[in-house]
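Below: the structure, in structure tokens.
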Amino acid sequence: MKLSPSSTLNAIIDLKQRWQTVCPERSFFGLTLAEFSAGVQPSLDVRAALETVDGQQQALLARRHNVDDASMYLVQGIINAIKGDPTQGEDGELYGALGYVRKSMRIGGRSRARTKARAQAPGEQPAENGSAVDAAPKAEQEVSTENQAA
């Protein structure tokens, strides 16, 4: 039967405590309590080492976060300096090599005509989402029937 690491630790500690409380002078499986404790000590030592490493990992992750923030401040400063450099600027080769769209490659000032745009008639209500409704207008008979019923 394979146990999880936490179940294994619980079994070791539980057996050790109960054996020590109930009959510490007896031997089982050819081992005394002291021999059993020495036999399971490597499991306890490895777990203690893992806890130490986990603590170190958390500290290193926090440290990495702090130094990454400082590094990104420098990166952003360099990018801003490249954009402001008179020989490179936003249209320079380095700016484009960094993955940014060079100023000369941008398409600006172009407007696009809307498709399916229809003028809103006076008194017509906009759709619930705030845009004009593309559905066909209701037939006159339907409208007049609704108005008479109301």
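Below is a table of values for the structure above.
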read-out	value
Distance in nm between pseudo-label sites at LEU15 and ALA49 (7 Å out along the Cβ direction from Cα)	2.2
Extension gain (nm, one decimal) between VAL101 and SER6, 0.36 nm per residue minus Cα-Cα	28.9 nm
Projected label distance in nm at THR115 and GLN56, using a 7 Å step from Cα toward the beta-carbon	6.1
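Any read-out appearing in this document is the output of simple, stated calculations on the displayed coordinates, not a laboratory observation. Just so we're clear, the structure is a prediction, and the values are computed from it rather than from any experiment. All Cβ positions, even for glycine, are placed from backbone atoms using ideal geometry, and neighbour counts span all protein chains on display.
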